[in-house]
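The values are calculated or read from the model by the stated rules, or taken from the named source; none is laboratory data. These figures come from a predicted structure and were not determined experimentally. Cβ sites come from the backbone with ideal geometry, for glycine too, and all protein chains shown count toward neighbours. Quick note on the areas: whole protein, heavy atoms, side chains included, nothing else; ligands and nucleic acids left out. Shrake-Rupley method; radii C 1.70, N 1.55, O 1.52, S 1.80 Å.
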Amino acid sequence: MRCILCVAFLFVCAIAAMAADDPLSCRTFDADWSIDPGKGAAEWAQEAGAIDPTRAYIVECKTSTKRGRVWLKAIEIDASGAVVQEASTEPLLFGSDARWLVLQFQPHPRTAALRIVGGGDVAATFSSLRVLPFSPRVLGNADFTLPLDRKNRISLWNQETANVLPAPAVGKAALDPSSGHAKPGSILSIAAGGACALSSIDYPVPAWTDQFRAEAFVKSEGGGSAQVALIWSTDSAQEVIHVDYGPKEAAADWQRITMPPASPPPSAKTVRVALIAYDGTVRFDDADLVSEPPKAPVVRVLTNQAGYGDDDPKCCVVMTNAVPRSGVANAFAVNDAKGQAAHQGWLNYEGRMIGGGGADWGWYFWRADFSDLKQAGAYTVQATLGELTGHSHPFDVAYSRLFYATAKPCVDFFFVQRCGGDVPGWHKPCHMDDAKLPDGTHRDLTGGWHSAGDYNKLSWEYGDGGVTYALATLVESDPEYCSRFNRDEANYEDAMEEAQWGAAYLAKLQRDDGGFLKDVQQGPDRATWMNWAAPDAHTDNVRGTADDPIVLEGEGHSPLAIGAWAKLSALLKERQTENDYLERAFKAWEYAAAKADGDPLLLISTVDLFVVTKDGHFRDHARKSVETILANAPAEGLLGGGYAGSGDVPAAALAHFVIKMPGDSLKSAIKTRLKIHIDAVVAEPNNAFGISRQKFGSDGFYFEPSSSYGHNFEYLCRAWSAAKVHTAIKDRRALAYALDQINFVLGANPYGLCMMEGVGTVNPPRYHHRYIKIPGRELGKVPGTIPNGFVRDMIGSDRPGFDLSLGGREYPSYRTSEPWLVHNMFYLLAVTALHEARI
C-alpha cells in the first residue's frame with residue numbers, strides 16, 4: 001500500500017541552508033541606496049547573482065521620495081557578461097510615503113545573472129530589495145540528499161503503486177548517495193521491459209497559481225528513457241483523479257526534463273510528482289514542482305470573520321497572484337447589506353511575505369484600512385486591482401463586537417471540555433477515578449477541564465488556574481452581559497458557574513502547604529493515555545483499579561489561580577455566598593511569594609489581592625515586584641521575558657498594576673517603560689497582516705522550526721498584553737497591534753480560516769480531539785474551540801501550513817488542529833481587556 005501522508009505534517013529538520021548564489025533562493029539585500037539627481041535623472045545598481053532562466057522572477061524594492069518619478073529595472077546578463085534584455089517598471093509618480101516598486105518577468109533563455117537598477121528624477125531612497133523566483137519551493141528532499149528513513153525508505157518519496165503508468169510496472173527505485181547532478185545524492189531507477197516510477201508524497205495543491213509543471217534532471221544509462229508527471233488526487237490522496245505526463249526523453253549526460261504547464265482538476269486537493277523510468281536504467285535528481293504565473297489571476301480579501309468594534313482600528317488584507325501595477329485603480333470599498341459603499345479607500349501594497357530562510361508565502365499582499373467606518377451594520381469588503389475584483393466573507397461592525405460575539409463561545413468551549421461532570425449532548429460523568437498520587441494513595445481530583453484533545457489536566461501557569469482567572473475576569477468586567485446566559489437556569493450564570501467549576505477543582509488540587517499538585521495524566525501509562533475513546537468510556541470510573549489516572553511527580557505552578565480565587569471571593573460575597581477562596585488564595589500566595597521574585601503572573605494576582613483586601617502587605621509586595629521587573633529589563637526595546645523574550649506577560653503585568661492602582665507613585669516609571677516597550681512591539685511586524693514573528697531578531701521566524709504545534713496562544717497572549725498596555729498608556733498603536741493578532745486568528749490569514757469553531761464563515765473542517773469517539777461528534781467540533789493553528793509547511797519552510805484534510809486518517813494532525821485550553825484562555829483575556837477599555 002502506498003505510504004500516504006495526506007496533508008499530515010512531516011517536517012524536514014535537516015534541510016541545508018541555501019547558498020547566497022542559489023538561483024532558486026530568495027535574496028534580500030540589507031542595504032539602502034539614495035539618489036539626488038538635481039536636474040535630469042540618477043540611478044544606482046546592485047549585482048543580484050545567478051538566476052535560472054526557466055523560472056519567472058519577482059523583484060521588489062521599497063522607495064520613498066518627494067513628488068517625482070522613480071523606477072526599477074532588471075538587467076539580464078548572459079554567461080559572457082553581455083546584456084541580454086531588460087525588464088522595467090513604468091515610472092511611478094507619487095509623494096513621500098514609502099511605496100513598493102515591483103517587477104515580475106520571464107528571463108531570456110540565455111540569461112545567467114541579474115543586475116538590479118533603480119533610479120529617478122528626484123531625490124529618493126531605496127531599500128528592502130528582494131529578488132526571488134515566482135515559484136516557491138514546495139517539494140521535500142528534491143535533491144535526494146536526506147538519508148533513508150527508519151523503515152529504510154527514501155525520505156518523502158514512495159514507489160508509485162497506483163495504476164497510472166502507461167506501461168507495466170517493473171523494477172525498483174533506489175537511493176544512490178554517492179552520485180548526483182549538482183552534488184551527491186540521486187535516484188537510480190531500473191525498468192527492464194516496463195516502467196518504474198518513484199513519486200513524492202502528496203502535497204496540498206498550492207493556491208497561489210493555477211499552472212504547474214514537474215521537472216527533474218535525468219541521466220540515461222543502458223538505453224533507458226525518462227518522464228515526469230503530475231498525479232492529482234482527492235482529499236484522502238487515495239483516489240487519483242487525473243495524471244499529466246511530460247514527453248519521454250533520453251540523455252547521455254545530466255539534462256533537465258519537464259512538461260507543459262498543467263492546471264489542477266477542479267476536485268483535486270493534492271498533487272504528487274512522479275519520476276518514471278522506461279526500458280532501462282535512469283538516474284533522477286533535483287526534482288521540482290514548479291509554479292508558473294497563473295492564467296486566471298485571483299484576488300482574495302481576508303477579514304476578521306467575527307467582525308470589528310465600531311470605534312476600533314479596522315484593517316483587512318488583500319492577497320493576489322497578479323503583479324501589482326501602476327496607473328490602475330487599486331482600491332477597496334466596504335459595502336453594506338444593500339451593496340452600497342459605506343466606505344472607500346486605496347489599497348496599500350505591503351510587499352511579499354518572506355519567512356525565515358527566505359521562504360516566500362506565494363502571494364502579493366495589500367492592506368486596507370477602514371477605521372473611519374464606525375456605523376454599526378453588516379458589511380463585506382470588495383477589492384479592485386485593475387480589472388480584477390475580490391470579495392470578503394460577511395462580517396459585522398458593532399460596539400465591542402469581538403467581546404459580544406465571541407466571549408460566550410469561549411465559555412461554552414470550557415463547559416464542553418469539563419472533566420468529571422455530565423455535559424448534556426456530549427458525555428456522561430467521566431474520569432470519576434481521578435486520581436492516584438505518586439505514593440499510591442488516592443485523592444479525589446475529579447473536576448477541572450480536559451486540557452486539550454486528550455484527557456490530561458495540566459497544573460501549569462495557563463492550565464485550569466489560568467482558565468478560572470480568565471472566567472472570573474470576564475464576570476467581573478461585565479456582569480450584566482454574563483447574566484444573559486444561564487443554560488440550565490441554575491443559581492449562577494454560565495460564566496460564573498464555569499469559574500466556580502474551575503475554582504472547586506483547584507481547591508482539590510491544592511496541597512496543605514499552599515502549593516499545587518502536579519499534572520493529572522489520564523492513565524497509568526502511555527497506552528492508556530493514547531486510548532482514543534469517549535471521555536466517559538476512557539476509564540472504568542472506579543477508584544482503585546488498574547486504569548486509574550495518575551498524578552505525576554513534582555509540583556504544579558499556577559500563580560493566576562490566586563487571583564482567580566481572590567476575584568471569585570469578592571464576586572460570591574456580593575451574592576452573599578460563603579466560600580473559602582480568599583483563605584486559599586492567601587495560602588497559595590504565601591507559598592508562591594516565598595519562592596518567586598518578580599514573577600509577572602504572581603504580580604497580577606498580588607494586585608488583585610490588594611484590590612479585594614486593601615491590605616498594604618500586598619501593595620508593598622506588588623511594588624517590589626514592579627521594581628524588580630523594571631530593574632531586570634533592558635533600558636531600550638522590548639521588556640524581555642514572556643514568550644520568546646517578547647516581554648508580553650511582563651508588559652501585561654505592569655499594565656495591570658497601572659490600571660488597578662492608578663494612584664501609585666510607580667505609575668510614571670511604568671508608563672515610560674511601557675511606551676518604550678510598545679515602540680519596539682509595533683515596529684517588529686513587517687508584513688500586511690501586522691503579525692509578529694514567533695521569534696524576533698535577525699534570525700527570527702514566523703513558525704518555530706520543529707513545528708511541534710501551532711502557537712495561536714502566542715498571538716493571543718501578545719494581543720492580551722497589548723490591549724492591557726493600550727488601556728494603561730492610551731496608545732492606539734498598541735490597540736491596533738492587539739487587533740491585528742486577533743484578526744489573524746479569526747480569518748485574516750492566508751487560508752481565510754476563522755480558527756474559532758462556530759464563529760465566522762470558514763472554520764477548520766475537523767479537529768484532533770478524542771471527542772470524535774462520541775457518537776455524532778466524529779469531526780470533534782467543540783463550540784468555541786481555538787486549535788493550535790498554523791505551523792510550517794510540509795517541507796519545513798517558514799510559511800503557514802494547516803491540515804485541512806477530511807480523509808485519510810480518522811483525525812487530522814494535532815500540530816494544527818488540536819484544541820488546547822491556553823488558546824481560549826488568552827483569547828478570553830484579550831477580548832475582555834479590549835472590552836474593559838470601552839466600558
Distance in nm between pseudo-label sites at Ala378 and Thr258 (7 Å out along the Cβ direction from Cα): 4.8 nm
Spherically averaged projected area in nm², based on the convex hull that wraps the Cα atoms of segment 157-291: 7.4 nm²
For labels at Ser267 and Ala42 in the simple 7 Å Cα→Cβ model, what's the distance in nm? 6.3 nm
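Calculate the FRET efficiency for Ile676 and Asp488 from the Cβ-Cβ distance with a Förster distance of 56 Å, rounded to the nearest 0.05.
Numbers: r = 49 Å, r/R0 = 0.87.
Step by step, r from the Cβ atoms, then E = 0.70.
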Under 5 Å between amide hydrogens, which residues at least 5 positions from Phe701 or on another chain qualify, with H placed 1.01 Å from N in the peptide plane? Gln694, Lys695
Excluding ligands and nucleic acids, what accessible area in Å² is computed for Thr258 using a 1.4 Å probe, to the nearest 10? 50 Å²
State the volume of the convex hull built on the alpha-carbon positions of segment 597-675, expressed per residue in Å³ and rounded to an integer. 77 Å³
Calculate the length of the line joining the C-alpha centroid of segment 118-190 to that of segment 249-270, in whole Å. 13 Å
Accessible area per residue, 1.4 Å probe, Å², for the chain: what's the number? 37 Å²
What are the residues whose amide H is under 5 Å from the amide H of Ile241, where those residues sit 5 or more places off or on another chain and H is modelled from the backbone? Trp232, Ser233, Thr234
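Classify segment 84-176: rounded, prolate or oblate, from the alpha-carbon gyration tensor (a ≥ b ≥ c, eigenvalue square roots; a/c under 1.5 rounded; otherwise prolate if a/b is larger than b/c)?
Details: a/c = 3.69, a/b = 2.83, b/c = 1.30.
Prolate, since a/c reaches 1.5 and a/b exceeds b/c.
What Kirkwood hydrodynamic radius, in Å, does segment 299-398 give when the mean of 1/r is taken over all pairs of distinct Cα atoms and then inverted? Can you show the working numbers first?
Details: mean 1/r = 0.0717 Å⁻¹.
Averaging 1/r across every pair of different Cα atoms and inverting gives 13.9 Å.
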Size of the chain as Cα extents on the principal axes (Å, biggest first): 87, 74, 54
Cα axis of helix 616-632 to longest principal axis of the chain: angle in degrees, 0 to 90, nearest 10? 20 degrees
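With the cut-off at 14 Å, report for segment 236-280 the share of all Cα pairs above it, as a whole percent.
Working: 588 of 990 pairs.
I get 59 percent for the Cα pairs in segment 236-280 exceeding 14 Å.
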Given the options Gly640, Val611, Pro600, identify the residue whose Cα lies farthest towards the positive end of the charge dipole of segment 597-675 (+1 on Cβ of Lys, Arg; -1 on Cβ of Asp, Glu). Val611
Any trypsin sites (Lys or Arg not before Pro) in segment 317-411 that lie in a DSSP loop and have at most 16 other Cβ atoms within 10 Å would be Arg325, Lys338, Lys374
Would you compute, from DSSP H runs of 4+ residues alone, the mean residue ellipticity of the chain at 222 nm, taking -39500 (n - 2.57) per run and dividing by the full residue count, rounded to the nearest 500? -7500 deg cm²/dmol
Below 17 Å, Cα to Cα, which lysines can Lys508 reach? Residues fewer than 8 away in the same chain don't count. Lys436, Lys457, Lys518, Lys587
Phi angles of segment 697-709, converted by Karplus (6.51 cos²θ - 1.76 cosθ + 1.60, θ = phi - 60°) into ³J(HN,Hα) in whole Hz with x for Gly and Pro, give x, 5, 9, x, 7, 7, 10, 4, x, 6, 6, 4, 6
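Just need the relative contact order of segment 157-291 here, percent rounded to a whole number, with Cα pairs under 8 Å and 6+ apart. Could the numbers behind the result be given before it?
Details: 374 pairs, mean separation 45.4, N = 135.
This gives 34 percent for segment 157-291.
Determine, for each peptide in 279-285, 533-539, 727-733, the mean count of other beta carbons within 10 angstrom over its residues, then list the peptides with the highest first. Please report the intermediate quantities before stating the final value.
Details: 279-285: 23.0, 533-539: 19.3, 727-733: 17.3.
Ranked by mean Cβ neighbours within 10 Å, highest first: 279-285, 533-539, 727-733.
Would you mind giving the average projected area, over all directions, of the Cα convex hull of segment 632-706 in nm² with one decimal? Please list the in-between numbers first.
Values: hull surface 23.6 nm².
Across all orientations, segment 632-706 yields a mean hull projection of 5.9 nm².
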In what sequence, largest accessible area first, do His711, His823 appear using a 1.4 Å probe? His711, His823
In degrees between 0 and 90, to the nearest 10, how far off the longest principal axis of the chain does helix 494-509 point, with axes built from Cα atoms? 80 degrees
For the chain, averaging the sequence separation of alpha carbon pairs under 8 Å that lie six or more residues apart and dividing by its residue count, the contact order in percent is 11 percent
Could you list the square roots of 5 times each eigenvalue of the Cα gyration tensor of segment 522-563, that is, the equivalent ellipsoid semi-axes, sorted largest first and rounded to whole Å? 25, 13, 11
With everything on Cα atoms, drop me the angle between helix 401-416 and the longest principal axis of the chain, reported from 0 to 90° to the nearest 10. 70 degrees
Extreme residue, positive dipole direction of the chain, given options Pro535, Pro479, Trp232 (C-beta unit charges): Trp232
Using amide H atoms built in the peptide plane, which far-off residues or other-chain residues are under 5 Å from Arg55 H to H? none
What ³J(HN,Hα) values, in whole Hz, does the Karplus curve 6.51 cos²θ - 1.76 cosθ + 1.60 give for segment 535-543 when θ = phi - 60°, with x put for Gly and Pro? x, 6, 10, 6, 10, 7, 6, 10, 5
Once all protein chains are kept in place, Ser179 shows an accessible area at probe 1.4 Å, nearest 10 Å², of 40 Å²
Anything over 31 Å Cα to Cα? Flag those among Lys595/Lys660; Lys595/Lys773; Lys675/Lys695; Lys183/Lys695; Lys66/Lys724, in the order listed. Lys595/Lys773; Lys183/Lys695; Lys66/Lys724
Candidate cut points under GluC sites (Glu not before Pro) in segment 515-610, DSSP loop plus at most 12 other Cβ atoms within 10 Å of their own Cβ, are Glu553, Glu578
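Could you look at the chain and say what percent of its accessible area is carbon and sulfur, using a 1.4 Å probe and all protein chains? Don't skip to the answer; put the middle values down first.
Numbers: 16110 of 31170 Å².
Carbon plus sulfur share of accessible area: 52 percent.
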